[in-house]
1. I'd like to check something: does the range 6-14 contain any residue that is exposed (fewer than 10 other Cβ atoms within 10 Å of the Cβ) and out of contact with any helix residue (DSSP H, G or I) (no Cβ under 7 Å at 6 or more places or on another chain)?
2. Looking at the range 18-46, I want the residues that are part of a loop (DSSP other than H, G, I, E, B) and have a partner that is at pLDDT 95 or above with Cβ atoms under 6 Å, at least 6 apart or on another chain. Which pairs are those?
């Protein structure tokens, strides 16, 4: 996250507003499932 600055965030948001997705991150379904389990557990504790 330290590499994200206002100029690059603005650039990405402007591209999204124009309908262009840049730097898309694709996560495998199995990883998504276990990440959700971990997040649900963290939220249950807090």
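The values are calculated or read from the model by the stated rules, or taken from the named source; none is laboratory data. Remember, predicted model here, so these are calculated numbers, not experimental data. Please note: Cβ atoms are built from the backbone with ideal geometry, for glycine as well, and neighbour counts cover all protein chains shown.
1. Here is the first cut: in the range 6-14, the ones exposed (fewer than 10 other Cβ atoms within 10 Å of the Cβ) are 6-7.
Adding the requirement that they be out of contact with any helix residue (DSSP H, G or I) (no Cβ under 7 Å at 6 or more places or on another chain) leaves 6-7.
Looking for residues that are exposed (fewer than 10 other Cβ atoms within 10 Å of the Cβ) and out of contact with any helix residue (DSSP H, G or I) (no Cβ under 7 Å at 6 or more places or on another chain), one finds at least one in the range 6-14, hence yes.
2. Going by the 6 Å Cβ cut-off, the qualifying pairs are 22/15.
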